[in-house]
Each structure stands twice: as structure tokens, then as C-alpha cells.
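**Student:** The structure under discussion is supplied below as C-alpha cells; questions concerning it will follow.
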Amino acid sequence: MKKRVVSLRLFLLVCCALLAGCSSEGTNNSTQEEHIAGETNQETINLRVAWWGGQERHDRTLEAIELFEEKYPHINIEPEFTGWDGYWEKLNTQAAGNNLPDVINMSDVKLNEFNSRGLLADLTPFIDERVINFDKVDEIYQNINSIDGKNLGVVLGTGANGLIMNQDLLDKHGVSLEPGYTYDDLRTAMQQIKDSEGENFYGFDFANAELEIFLIYARQHGEALFNHDGTGLGFQDKTLIDFFTFIQNMVKDGIAPSHDITMEYIEGGQSMVGEGSAALAMAASNQLIGVSQQTEDKLVLNVLPSLEKGVPGNWIRQTMSFSVYEHSKHKEEAAMFIDFITNDIEANEILMADRGVPISSEVREHLATIVDESVKETFDFLDLVVDFSREADPLPPAGESEVRGSFVRIVEQIKYDRITPEEAAHEFRKEAESILE
């Protein structure tokens, strides 16, 4: 497409030159000729853009990039994409070699870490100059990624953690989990479905997201994973012991799959709910869109369980954001790309809220009239989750990745019954506090 645009401009340039030779209005034609020649001869800029996701996201993003290149023929996008796990490993390798992409798909749990290493550019000047236009962006989303007065990323979408449920399967077994249901309600319902469906079926898939569930579980107890300044942990041992006991019992009773089965699905890019071997799965709300492509069954979103006497634990969160590499030679063009993804209606008709509910009210209102049922479900879910949410905790400290790694490793041991919940809680606290010191 880019070649056709350049060819057309060259053709117009020739036409202008011929007209200039025949016309007495030399000044006007000369000006037009210089303008077209300036655009044609503009140096091509190669802009590297990195993101994570599944094949559906890759395809949609590549199509949106084509549109961007049509609108900005002097910018050539070099896409770099992979799955979640390989993505961060690759970025760390690139960071070590001072070779990060210009535009970096960023997670809120990684933002502080990358900022502490001086890797992220302050986008405030580009926002002030309206290169990144926030005219249609609600104020609540404008400074989510601000640290020490620097805006380090533009939110690509909003959402909340919750459960993807196979509604057809729940209806088949007469199971109803109305918002406000408890962890005991969940366990009982999933045991009922598991017992009825039999071998090779699981009621609940943790989807390797136990830490995400614990973040909400701790908040429901009025606690948090980290203390307020990020120098230590912010929960009591009993809270974690009870949570680890819940995980271990779910796996022991066959309600949830063992670690190896979970990882087999994740590494294969599949969902147990989408494939039909689980009734419910932990997920970020925008994941419903991709999972819905894997099944003809009706899938819906629901909030996570509540504590009988707890406080709201969830929060409206950014699903991800785009940041710019501090040492990029093309920061303005990177900002232009971010603005395009944020505000361009055509681009968002392609992307279809795959990264979460758009932050531009104009884009959001437009998409609401044309999206399919799964995307509309993610929009509606935010209205539901508000009643089970409160203000978010501060952004995680720089050691979050290592703390997360420790948690994931210990959960694996719990699932294989190699360690008791008490031992696991003690080991995690020891490792996490050592990291955060």
C-alpha cells in the first residue's frame, strides 16, 4: 500500500512540473511542487513496536499498522511480537544490549521496574503539545502511569480481573454464581460440575494466575501484597496460608488441574474453558474476546468470589499501556503511533478493543454500536465490577518480577503437594522480603 501512495505522489509531482512549465501562475505551482517534493523526499523512519499476545491480537495489530503506514508513508513500522512469557525475557535481553524497541507494550506490574532502570521516556511534552491527544480521554486515565511527575505510558485499554464462565455448562448443571458469592460457593459449585462431567474435566482453571487472585484476596482482607512504600509485604501470614490451602485443596480434589496440565494449555495458546475442559477460568476481562473464538458455547464474565465480611478487593485497571524507550531516536514518531492507536476510529474498528475497553470516549461510544457480543460483554463487565472495587494499590515496586517469580514457583510446589501451606507462606515471606530489602 505504501508503494502505491509514493507512486501516486511521484506521478503528481511530474504533473505539477509539467503544469508549471505551461502556466503563467508560476508562484502558486512552484509552491505546490515544493510541498509535494518535500513529502516525497522525506526520510523514511523505521519505528520498532513491540507487544505481547495471541495470534488474534497479532493479526489485528498488524492490520492496524498497515493503516498507520498508509496515513504516515514516511514511517515504516517494524513489528516485534510474542507471547507473554517470552516477551519479558526478550525485553530484558534487549535492555541489557541497549536495544529496546521504540514503542514498548508495558504492563503496570513492570512499569516501576523499567522506570527504575531509566528505560522509559517521559511522555508529558508530547501530551502537552497534543502529539498524543487526550481531548477525548477521561481524566481518570490520563495519569495512571505517572511517577514523580513523569507520564511513562498511555493506557491502551481498561478492564478488571474476573472469571470467564461457560454459561451453557452452568445452566446445564443448574449452577448459579450471582455476584457476591463466596469462595466456598465457588468450590461447591465446581465440585458438582466436576463430579457430573467426569474424568479429564475440571471445574476451575487457575490459568497460572494465582498471584492475580491473591492480590484481590488480600485486598478483601483489607491488606495488600506490598506495603504502601513498596519496602516490604503488606499482608498477615494467615491470609496467605488460607489462600495456599484453598489452592492445594482445589487441586487435590480434582476441581482444578495440576500445574503441568495448566502449563500445557498456556504454552499451546489455548484456554481450558474455550477448549471445553473447564467450566470457569481466571482471566483479565479482555481475554474473553480471544477465548470466545475457541468455542460456540456462550461465555460470560463474572466477578471473583467475595468474603462474607470482607471489603471490595477488585479495581478497575489498565490492561496494558504503550511506553516509549528513553533512548529512542524517534520519540515524536513513537508518540504519533501511540496517538493513532488511542484516537483513530478506523484503527480501533480493526483492533476491536482486544486490549481492553478504549480510554477515548469517542472511540468507546463508536465501538459500542458495532462490536460483537464478547466485546460488548467486556464493556458491560466494567459496570458490574464497580460495585466490587475500590481504589487501586500503588504501582508495584521495582522488585515485583522477582517476587512474582518466587510466588509462582512456590504455588507450583503447593499444587504438587511438595510443601504445606504453612511452609509455603514462610518460604515466600522470607524470599520476598529479601528481594525488597
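The values are calculated or read from the model by the stated rules, or taken from the named source; none is laboratory data. From a predicted model like this one, the values you see are computed outputs, not experimental measurements. Glycine also receives a Cβ, built like all others from the backbone with ideal geometry; neighbour counts cover every protein chain displayed.
**Student:** How many residues does the range 168-186 hold that are crowded, with 16+ Cβ neighbours inside 10 Å and under 28 Å from the mean Cα position of the chain (by Cα)?
**Tutor:** So the answer is 6.
**Student:** Could I ask something else about it? When you check Gln220 against the structure, is it in the same structural domain as Phe407 (by TED's automatic domain parsing), among the polar types (S, T, N, Q) and surrounded by 18 or more Cβ atoms within 10 Å (Cβ to Cβ), yes or no?
**Tutor:** So Gln220 passes the test.
**Student:** Also: Filter the strands (runs of 3 or more DSSP E) completely within the range 271-337 down to those with at least 2 residues that are of a type outside the set (D, E, K, R) and over 30 Å from Asn98 (Cβ atoms).
**Tutor:** 278-284, 299-302
**Student:** Determine which member of the set Phe204, Phe226 is within 22 Å of Ile435 (Cβ to Cβ), modelled with pLDDT of 95 or more and either surrounded by 22 or more Cβ atoms within 10 Å (Cβ to Cβ) or of a type in the set (Asp, Glu) (or both).
**Tutor:** One residue alone meets the criteria, Phe226.
**Student:** Further question on the same structure: Run down Val363, Val371, Val357 and say which single residue is out of contact with any Gly (no Cβ under 9 Å at 6 or more places or on another chain), under 25 Å from Ile132 (Cβ atoms), surrounded by 17 or more Cβ atoms within 10 Å (Cβ to Cβ) and at pLDDT below 95.
**Tutor:** Val371
**Student:** Inside the range 279-318, can you point out the residues that are more than 17 Å from the chain's Cα centre (by Cα) and of a type in the set (D, E, K, R)?
**Tutor:** Hits for the range 279-318 are Glu296, Asp297, Lys298, Glu308, Lys309.
**Student:** In addition: May I ask you to list pairs of residues, at least six apart or on different chains, whose Cβ atoms are under 8 Å apart, with the first in the range 416-430 being surrounded by fewer than 18 Cβ atoms within 10 Å (Cβ to Cβ) and the second being in a loop (DSSP other than H, G, I, E, B)?
**Tutor:** Taking only residues 6 or more apart or on different chains, the pairs are Tyr416/Ser258; Glu427/Ile419.
**Student:** Anything in the range 292-332 that is surrounded by fewer than 21 Cβ atoms within 10 Å (Cβ to Cβ) and β-branched (Val, Ile, Thr)? List them, or say none.
**Tutor:** The answer is Thr295, Val300, Val311, Ile316.
**Student:** Let me ask something additional. Is there any pair with a first residue in the range 339-367 that is under 21 Å from Leu123 (Cβ atoms) and a second that is among the charged types (D, E, K, R) whose Cβ atoms are under 6 Å apart and which are 6 or more apart or on different chains, and what are they?
**Tutor:** Leu351/Arg60; Pro358/Arg364; Ser360/Lys136; Ser361/Lys136; Glu362/Lys136
**Student:** Which condition from (1) touching a residue at least 12 places away in the same chain (Cβ under 8 Å); (2) farther than 18 Å from Leu225 by Cα; (3) of a type outside the set (Ser, Thr, Tyr) is the one that Val408 breaks?
**Tutor:** (2)
**Student:** Residues of the range 76-120 being exposed (fewer than 15 other Cβ atoms within 10 Å of the Cβ), among the hydrophobic types (A, V, I, L, M, F, W, C) and either in contact with a Leu (Cβ under 8 Å, 6 or more places away or on another chain) or modelled with pLDDT of 95 or more (or both), which ones?
**Tutor:** Across the range 76-120, the qualifying residue is only Ala96.
**Student:** Would you confirm whether or not the range 223-238 contains a residue that is touching a residue at least 24 places away in the same chain (Cβ under 8 Å), in a helix (DSSP H, G or I) and closer than 20 Å to Arg404 by Cβ?
**Tutor:** Yes, because at least one residue in the range 223-238 is touching a residue at least 24 places away in the same chain (Cβ under 8 Å), in a helix (DSSP H, G or I) and closer than 20 Å to Arg404 by Cβ.
**Student:** Go through the range 96-108 and give me each residue that's touching a residue at least 12 places away in the same chain (Cβ under 8 Å), touching a helix residue (DSSP H, G or I) at 6+ places or on another chain (Cβ under 9 Å) and in a loop (DSSP other than H, G, I, E, B).
**Tutor:** Within the range 96-108, Leu100, Pro101, Asp102, Ser107 qualify.
**Student:** Just to be sure I understand the filter: pairs with C-beta atoms under 8 Å, separated by 6 or more residues or on different chains, first member in the range 67-79 and in the same structural domain as Asp344 (by TED's automatic domain parsing), second member hydroxyl-bearing (Ser, Thr, Tyr) and surrounded by fewer than 17 Cβ atoms within 10 Å (Cβ to Cβ). Which pairs pass?
**Tutor:** Close Cβ pairs (under 8 Å, with a partner that is hydroxyl-bearing (Ser, Thr, Tyr) and surrounded by fewer than 17 Cβ atoms within 10 Å (Cβ to Cβ)) amount to His74/Thr44; Ile75/Thr44; Asn76/Thr44.
**Student:** Kindly indicate the residue of the range 319-365 that is among the basic types (Lys, Arg) and within 18 Å of the chain's Cα centre (by Cα) and also farthest from Gly54 (Cα to Cα) among those meeting that condition.
**Tutor:** By that ranking, first place goes to Arg364.
**Student:** Which ones in the range 42-75 are surrounded by 14 or more Cβ atoms within 10 Å (Cβ to Cβ) and assigned to a strand (DSSP E or B)?
**Tutor:** Result: Ile45, Leu47, Arg48, Val49, Ala50, Trp51, Trp52, Ile75.
**Student:** How about the range 381-396: which of its residues are touching a residue at least 60 places away in the same chain (Cβ under 8 Å) and surrounded by fewer than 19 Cβ atoms within 10 Å (Cβ to Cβ)?
**Tutor:** Hits for the range 381-396 are Leu382, Leu384, Val386, Asp387, Arg390, Glu391, Ala392, Asp393, Pro394.
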